[in-house]
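Trainee: Here it is: the structure, laid out below.
None of the figures in this text is laboratory data; all of them are computed from the coordinates on show. Predicted model, so just to flag it, every value in this text is computed and none were measured. Virtual Cβ from ideal backbone geometry, glycine too; neighbours counted across all protein chains shown.
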Amino acid sequence: MPLTVSNNYGAQPAPAPSSQQNLGTKDVFLKMLVAQMENQDPLNPADSTQMSSQLAQFNMVEQQTYTNEYLAQLTASQGGSNGNLDTASAGYLGHTVMINESNIQYTGSTQPFSASLDNNASNVYITISDSLGTPVRNMSLSSLPAGSQQLNWDGKDDFGNPVAVGDYQIDIAAFDAAGQQVTASIQRSGVVDAVRMTPSGIQLIVNGTPTSIANVTEVRI
């Protein structure tokens with residue numbers, strides 16, 4: 001059924017909006033739509049399907065405009081180029097990441113971590129120290145192949161006693177059969193709980209422990 005409109009065929013078109021008006025705003029769009037309806041040919045009225053399509057397109061543009069404005073406000077509110085929370089940083093939330101980070105937060109359960117080696121190693125030494133830098137556990141492995149190897153710390157010291165809950169540091173030293181040092185690093189994985197802005201840059205909170213976003217080597221769904 002065609003739309004019912006007033007018979008103003010032949011009337012002068014609505015005046016063009018001034019240069020100061022934003023043609024993308026809702027009010028201007030609606031004024032243009034009403035002017036189109038009022039000045040259409042009554043013998044050839046506008047197609048209602050076409051008008052519905054125009055309204056749908058306007059709604060999509062309006063939602064995108066609101067989204068862009070919100071993101072711009074969010075970025076501007078953070079201040080400073082080093083501390084901006086951009087959409088890429090926020091996208092880490094809830095994802096499992098692998099990071100080059102040797103600091104862990106021991107919560108009373110077994111702590112998994114990975115040893116990444118550039119070459120095969122005949123002797124590997126793992127040292128776990130408390131927040132004061134005092135070694136609490138020394139582990140010696142006969143050999144590890146090149147690549148990333150999954151390891152675990154059971155949360156006990158060298159005497160088999162459970163350590164206190166808190167922050168710990170894992171260090172690794174690896175050597176090949178000739179006694180030459182092999183480049184090795186500690187990696188850990190976890191879920192990104194939060195994204196934090198700091199004066200030195202953006203930090204990810206992974207399993208409760210902060211780390212620089214630059215340390216991320218892998219992101220998983």
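Trainee: What number of residues within the stretch 123-143 satisfy the criterion of being under 14 Å from Ser102 (Cβ atoms) and outside any strand (DSSP E or B)?
Mentor: 3
Trainee: When only residues in the stretch 151-171 that are without any contact (Cβ under 8 Å) to a residue 60 or more places away in the chain and in a strand (DSSP E or B) count, which is surrounded by the most Cβ atoms within 10 Å (Cβ to Cβ)?
Mentor: Trp153
Trainee: At negative phi, surrounded by 17 or more Cβ atoms within 10 Å (Cβ to Cβ) and in contact (Cβ under 8 Å) with a residue 60 or more places away in the chain: is that true of Ser200 in this structure?
Mentor: no
Trainee: Looking at Ser148, is it within 17 Å of Arg188 (Cβ to Cβ), among the hydroxyl-bearing types (Ser, Thr, Tyr) and surrounded by fewer than 17 Cβ atoms within 10 Å (Cβ to Cβ)?
Mentor: Against the criterion (within 17 Å of Arg188 (Cβ to Cβ), among the hydroxyl-bearing types (Ser, Thr, Tyr) and surrounded by fewer than 17 Cβ atoms within 10 Å (Cβ to Cβ)), Ser148 qualifies.
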